[in-house]
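Notes follow the structure.
The values are calculated or read from the model by the stated rules, or taken from the named source; none is laboratory data. Nothing here was measured: the structure is a model prediction, and the numbers come from that model. Here the Cβ positions follow ideal geometry from the backbone for every residue, glycine too, while neighbour counts run over all protein chains shown. Heads up: the accessible areas ignore ligands, DNA and RNA and are worked out on the full protein's heavy atoms, side chains in. Shrake-Rupley method; radii C 1.70, N 1.55, O 1.52, S 1.80 Å.
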Amino acid sequence: MATAVKNTHTKNMLLDLKIMGPILALIVLVLVGAAMNGNFLSAGNISNVLSRSAFIGIIAVGMTFVITAGGLDLSVGSMAAFIAGLMILVMNGLLPTMGAGWPLVMVGLLTAIVAGTAAGFINGFLITTMRIDAFIVTLGTMGIYRSLVTWLADGGTLSLDFGMRAIIRPIYFDGILGISWPIIVFALVAIIGEVVMRRAAFGRHVAAVGSNDQVARYSSVNVNKVRMMTYVFLGVLVGIATIMYVPRLGSASSSTGVLWELEAIAAVIIGGTMLKGGFGRVWGTIIGVLILSLIGNILNLTDGVSPYLNGAVQGVIIILAVILQRDKKAEG
């Protein structure tokens, strides 16, 4: 009896640590950043951190659903690069016909959404219908999309017409009440994602599929449809993230979106979503995104540690997050 109570108490402590760990880590990072640099908590720096983290954050919300359903997507960074290049080519190609203006911008935005949806559908189709492992499929499409954007750019850079850059620029740099559009869109995507994951039937089905797809089938859950929808949802969000990204630089190349997939996966795992599937929390993913962004920001603002060690610090945090996910049974 005493052993059972002790085990229960230990499990509760581990659960509390899993829930509070990311929050405490975020608080510690904020305190450390504020102590090391007086400009860390300035409105300009905070806005800059949130705006830059919005791209990964939007994608990470979709990645949360994919991983919770027991899947994985390594292609999102390359997908974003390809979508950005395609978006730029379409707008530049239609510029002589439509002229520079918001109608052409809307065509570019629609191109990004359609391309993201199609890319997500292709991944989902190969995984669910063709029954190819998600790692293999997305590893393959990662190489395909990266090669395609390199080919489209002829090994160089695809640049949006200068006149169109001025028109599309407010999508990244403007906003409401001093809050930029990427931050606003990131917040809306996070809220919708959390509500769907926690309150909607789809969120429950995603968790059920990731936990045990056979049991989910016996419970009348269409496993293939649920998994397909998670990849399509992720593809749509990659398209939205690309829409936020293109106005920032007005260009795309083979280096666009490099390592975005790893940052998105890292944010999901740091936030407490189980890598093996079955449990996910969008709010935790948002905290994970902020943790990774603040690490890079702190290293850039201080001279004590080289910013080139950003990846090493992130790697240590990822390993620690995975260690915390191990249950007592796995350890034994």
Any hit, segment 41-51, residues being assigned to a loop (DSSP other than H, G, I, E, B), surrounded by fewer than 22 Cβ atoms within 10 Å (Cβ to Cβ) and at pLDDT below 90: yes
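Does residue 71 satisfy the condition of being buried (at least 21 other Cβ atoms within 10 Å of the Cβ) and in a helix (DSSP H, G or I)?
On the way: buried (at least 21 other Cβ atoms within 10 Å of the Cβ): yes; in a helix (DSSP H, G or I): no.
Criteria not met by residue 71.
Of all residues in segment 116-164, which are in a loop (DSSP other than H, G, I, E, B) and surrounded by fewer than 19 Cβ atoms within 10 Å (Cβ to Cβ)?
First pass over segment 116-164, keeping only residues in a loop (DSSP other than H, G, I, E, B): 129-133, 153-156, 160-161.
Passing the criteria: 129, 130, 131, 132, 133, 154, 155, 156, 161.
Results for (1) in contact with a Phe, Trp or Tyr (Cβ under 8 Å, 6 or more places away or on another chain); (2) among the hydrophobic types (A, V, I, L, M, F, W, C), shown as yes or no for each residue.
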residue: 193; (1), (2): yes, no
residue: 197; (1), (2): yes, yes
residue: 200; (1), (2): no, yes
residue: 222; (1), (2): no, no
residue: 235; (1), (2): yes, no
residue: 243; (1), (2): no, yes
residue: 248; (1), (2): yes, no
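Among the residues of segment 111-121, is there at least one that is out of contact with any Gly (no Cβ under 8 Å at 6 or more places or on another chain), in contact (Cβ under 8 Å) with a residue 24 or more places away in the chain and closer than 25 Å to residue 188 by Cβ? Let's see the steps before the verdict.
If we filter segment 111-121 for residues that are out of contact with any Gly (no Cβ under 8 Å at 6 or more places or on another chain), which is where we start, we get 111.
Subsequent filtering for residues that are in contact (Cβ under 8 Å) with a residue 24 or more places away in the chain retains 111.
Subset that is closer than 25 Å to residue 188 by Cβ: 111.
Within segment 111-121, one or more residues are out of contact with any Gly (no Cβ under 8 Å at 6 or more places or on another chain), in contact (Cβ under 8 Å) with a residue 24 or more places away in the chain and closer than 25 Å to residue 188 by Cβ.
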Check on residue 85, open to solvent by less than 10 Å² (accessible area, probe 1.4 Å), touching a Phe, Trp or Tyr at 6+ places or on another chain (Cβ under 6 Å) and of a type outside the set (A, V, I, L, M): no
Members of segment 188-220 found to be in contact with a helix residue (DSSP H, G or I) (Cβ under 6 Å, 6 or more places away or on another chain) and modelled with pLDDT under 95, listed by number: 213, 216, 217
Residues being closer than 27 Å to residue 87 by Cα and loosely packed, with under 12 Cβ neighbours inside 10 Å - total across segment 175-187: 1
